[in-house]
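Just below is one structure, and these are the notes that go with it.
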Amino acid sequence: MVAPGPGAPGPGAPGPVAPGPVAPGPGAARPAVTEPCAGKPAAGRPPAGKPPVREPAGRKQAGREPSGEVPPAQGPPGAIPPGEKPSAVPGPGPHETPRARTLLAGAARFTLGRTLLTALATTASAAATLALPAVLGHTLDLLLAGAGGARGWALLCAALLTAEVLLDALAAYTTGVTNAHGTAWLRRRGTARLLALGPHRAARFTPGDLVTRLTGNAAEAGTVPATAATAAASLVLPVGGLVALVLVDAPTALAFLAGVPVLVLLLRAFVRSSSDSVTRYQRIQGHIAARLMETLAGARTVAAAGTARFEHARVLAPLAELSAQGRRMWQVYGRAVTQGGILVPLLTTAVLAVGGLRLTAGHLTVGELLAASRYAALAAGVGAVVGQLNALVRGRAAARRTAELLAVPPVPYGRERLPRGGHGRLELRGVTVVRGGAPVLRGVDLTVPGGATAAVVGRSGSGKSVLAAVAGRLADPDSGRVLLDGVPLERVARDELRREVGYAFERPVLFGDTVGAAIGFGACEPPRPAIAAAARAAGAESFVRLLPAGYDTALADAPLSGGELQRLGLARAFAHAGRLLVLDDATSSLDSVTELEVGRALTREVRAGTRLLVAHRVSSAARADLVVWLEDGRVRAVGPHDVLWDRPEYRAVFADPGSGLGSDPGSVTDSGPGSEPGFATGCDLGSVTDSGPGSASGSDLGSGKDSGPGFGPGSASGSVKDPGPGSATDSETDGDPGADPGRGVNPGSGADPGSHPGVDPGSHPGVDPGSHPGGVPGAPGVVDSGSGSCSGSCSCSGSRPGGSGGTA
Ligand SMILES: Nc1ncnc2c1ncn2[C@@H]1O[C@H](COP(=O)(O)OP(=O)(O)OP(=O)(O)O)[C@@H](O)[C@H]1O
């Protein structure tokens with residue numbers, strides 16, 4: 001017998017898919033974190049054996065690593081809200097069918113050998129099944145006639161039965177293997193495409209929906225090649241049965257043929273109605289999985305808000321619709337089976353009645369009547385065909401969902417290399433980014449000279465993270481261009497881009513089995529000393545040393561605070577630092593002292609290059625060479641922090657509760673053991689006193705003894721020599737929040753050619769007033785585009801107050 005099809009819907013159909021993985025000591029000398037990738041290449045290295053520490057999801061994926069908390073879809077429990085993410089993706093429809101077909105054809109090609117073996121085994125089994133009634137009938141006739149040779153025919157019957165059993169077993173085995181290979185092929189393609197989409201394009205699917213597409217849906221689609229082969233073979237039985245019936249006795253066959261049109265109509269109706277309900281069923285599964293993922297990602301919020309019951313109801317709200325579709329599937333299937341169950345015995349009875357009459361008339365032998373009745377049953381064997389059709393319908397619907405993922409084009413990369421010896425000059429030209437139908441960056445023109453540190457500040461939602469994302473091509477602008485060392489990012493080869501542009505995020509996700517592997521995770525694996533140096537620079541070494549096995553501690557055994565996680569994320573970025581390093585709020589969870597130390601280490605111990613820091617703290621802005629002040633997606637001004645600080649609106653940015661003033665650790669002088677007395681980070685120097693041993697209490701604030709290098713290359717020295725207006729000499733200590741917390745440091749105002757000899761001083765002329773006709777006169781070094789007047793490229797050039805005219 002031909003193995004029955006994969007089964008009916010309902011219990012046989014997939015239930016809500018459970019989200020799951022897709023398939024997916026320091027030396028005495030301190031080595032600088034340079035040449036991080038001198039270690040063994042990690043091309044093709046899987047994302048380690050451990051899933052991300054934090055669950056992915058979130059709207060801000062474009063520019064920020066996903067947060068652990070995702071706001072649940074709005075609305076009370078009930079029907080699926082129309083705005084929920086899966087609906088943002090084009091739903092399955094006739095126009096997708098060719099894609100699904102192409103995909104299934106690809107899976108069939110991949111499993112061709114096994115599929116052919118399956119087809120062969122099932123066809124051979126069907127042939128044995130077809131031969132058996134004739135042989136059995138003839139054997140019976142020989143036995144009834146007492147003729148010789150019956151024994152040989154009886155043995156042939158036994159041989160046919162044995163062959164049928166063995167061939168069915170072979171078909172079951174090859175079907176399983178073919179399904180597994182087909183599923184694996186689809187999952188690999190889906191996962192590869194998902195990873196090639198980049199965060200922004202992938203964000204159009206919710207994580208739960210993606211998991212459903214890559215697990216349950218891919219598994220169902222993966223069964224299509226073998227099911228198609230089996231279904232083709234299972235057609236051999238009814239067709240062969242009919243042919244055999246005609247051969248045994250044509251008038252008897254005519255009795256059967258009278259009922260065939262009804263059978264055909266029945267099958268057609270089944271395919272039509274089950275296709276629709278199966279498609280809906282699978283979509284609802286995706287919705288439930290998406291909600292479940294959201295809830296799991298936001299488990300803390302749910303627990304804190306005490307909304308577990310609400311969440312329970314919300315996640316399972318589509319269950320009623322799922323159940324309705326499941327029932328519909330059952331009904332459709334049940335109806336087809338029932339109708340077939342009535343029709344088949346009727347047809348068999350008609351065949352038997354006509355055959356009986358023909359037997360009485362002497363036109364048929366007993367054996368022929370037996371064979372005719374068996375062939376009639378085989379010819380009417382719609383049960384197997386319905387099962388196969390049902391599996392094919394489900395598989396095709398599932399393939400459409402997988403094909404929707406593949407229909408999203410991957411991010412294209414060019415082949416160009418960045419110029420050798422470039423320092424990471426970053427240019428944004430007329431960059432506009434649209435999110436949710438509205439521009440969130442509007443015609444941004446900006447130049448950050450190679451080797452400079454730029455702090456991006458602005459109120460919450462002003463577009464800082466989006467800017468950080470486009471700067472390193474985690475997202476592409478909707479219009480405009482981003483250039484690194486003069487090469488448009490879209491032309492740069494992928495490996496080159498990822499090697500030369502590093503990111504650290506506010507809430508990093510760690511990949512790797514161990515702490516060391518998590519730091520080394522990247523396109524290439526840095527050697528252990530470089531990993532240790534990166535950890536040291538990121539302030540992670542102290543707690544890594546305390547772990548049971550240091551860098552070899554399994555991530556699962558390393559409980560990490562938010563700040564520790566952030567430091568490991570920073571260490572990862574430092575270990576792979578290229579010519580551009582983008583830190584998107586990556587120090588927000590660090591205490592002030594650690595942040596200060598990280599800022600220093602970034603200058604001294606990490607490969608020199610351009611830094612783009614999304615900053616909420618005054619101290620971070622104060623240490624940068626230039627500040628890019630964003631407002632409503634536009635560059636409001638570019639200039640040194642201490643000069644911008646004169647403006648109440650700029651100060652108000654930091655008065656934003658979300659931006660950290662008041663608790664700004666930048667006002668701490670330096671509380672680290674062995675800290676340099678008198679070092680001030682430039683904040684309200686009188687407002688915080690330092691209780692750390694050996695630290696300054698702010699008494700020599702503004703003394704200009706700035707020995708901290710700050711973030712920027714060469715940022716420290718200039719302030720000693722030439723504090724300049726608005727630099728470290730500000731001594732207002734009246735506690736006025738609008739006073740001068742930001743002025744204590746004159747970051748980057750002095751050249752430090754010694755420490756960064758590779759940086760071209762000429763390329764750091766401070767702010768380029770020429771390119772900013774809207775620059776505010778009297779505010780040296782600041783270019784104001786608040787009125788939208790930043791028409792050319794904004795660069796920090798020349799007129800840095802207190803600076804020597806270069807930050808190199
Ligand atoms: N995927 C998205 N869909 C819709 N809107 C988005 C998306 N990503 C960002 N936005 C919107 O773009 C604007 C800028 O977002 P962005 O994350 O860059 O702000 P930000 O300045 O970094 O804010 P914060 O300081 O609060 O992190 C915000 O209004 C945000 O709501």
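Annotations
- Residues being of a type outside the set (A, V, I, L, M), buried (at least 17 other Cβ atoms within 10 Å of the Cβ) and assigned to a loop (DSSP other than H, G, I, E, B) - total across region 526-552: 3
- Only listed residue being assigned to a helix (DSSP H, G or I) and in contact with a Gly (Cβ under 7 Å, 6 or more places away or on another chain), chosen from Gly387, Gly356: Gly387
- A single entry from Val433, Val444 fulfils the requirement of being β-branched (Val, Ile, Thr), within 9 Å of the ligand (Cβ to nearest atom) and assigned to a strand (DSSP E or B): Val433.
- Checked against (1) within 16 Å of the ligand (Cβ to nearest atom); (2) small (Gly, Ala, Ser); (3) under 22 Å from the mean Cα position of the chain (by Cα), Ser460 passes all but condition (3).
- Residue in region 528-586 that is farthest from Gly422 (Cα to Cα), counting only those that are acidic (Asp, Glu) and touching a strand residue (DSSP E or B) at 6+ places or on another chain (Cβ under 7 Å): Asp552
- Scanning region 267-303 for residues that are within 30 Å of Ala379 (Cα to Cα) and surrounded by fewer than 20 Cβ atoms within 10 Å (Cβ to Cβ) yields a total of 8.
- Matching entry among Thr139, Thr175, Thr230, Thr215 (being modelled with pLDDT of 90 or more, within 30 Å of Ser275 (Cβ to Cβ) and buried (at least 17 other Cβ atoms within 10 Å of the Cβ)): Thr175
- Filter result for Val248 (buried (at least 22 other Cβ atoms within 10 Å of the Cβ) and within 25 Å of Glu404 (Cβ to Cβ)): no
- Picking from residues in region 587-607 that are aliphatic (A, V, I, L, M) and closer than 26 Å to Gly422 by Cα, the one that is farthest from the chain's Cα centre (by Cα) is Ala601.
- Of all residues in region 464-482, those being of a type in the set (Ser, Thr, Tyr) and near the ligand (Cβ under 10 Å from one of its atoms) number 1.
- Pair list, Cβ < 8 Å and 6+ apart or interchain, from region 458-474 residues that are aromatic (Phe, Trp, Tyr) to residues that are part of a helix (DSSP H, G or I) and more than 6 Å from the ligand (Cβ to nearest atom): none
- Among the residues of region 582-600, just one is of a type outside the set (Asp, Glu), away from the ligand (no atom under 16 Å from the Cβ) and assigned to a loop (DSSP other than H, G, I, E, B), namely Leu590.
- Helices (runs of 4 or more DSSP H) lying entirely in region 241-312 (those with 2 or more residues that are within 18 Å of Val386 (Cβ to Cβ) and aliphatic (A, V, I, L, M)): 260-297
- Criterion (out of contact with any Cys (no Cβ under 9 Å at 6 or more places or on another chain), in a helix (DSSP H, G or I) and not small (Gly, Ala, Ser)) met by exactly one of Leu364, Leu322: Leu322
- Hey, Arg498 within 19 Å of the chain's Cα centre (by Cα), surrounded by fewer than 24 Cβ atoms within 10 Å (Cβ to Cβ) and either hydrophobic (A, V, I, L, M, F, W, C) or assigned to a loop (DSSP other than H, G, I, E, B) (or both) or not: no
- Pair list, Cβ < 6 Å and 6+ apart or interchain, from region 578-607 residues that are within 18 Å of Val501 (Cα to Cα) and of a type in the set (A, V, I, L, M, F, W, C) to residues that are modelled with pLDDT of 85 or more and assigned to a helix (DSSP H, G or I): Val582/Ala468; Val582/Ala471; Ala586/Leu570; Val606/Ala537; Val606/Phe574
The values are calculated or read from the model by the stated rules, or taken from the named source; none is laboratory data. Nothing here was measured: the structure is a model prediction, and the numbers come from that model. Cβ: placed from backbone, ideal geometry, glycine included. Neighbour counts: every protein chain shown.
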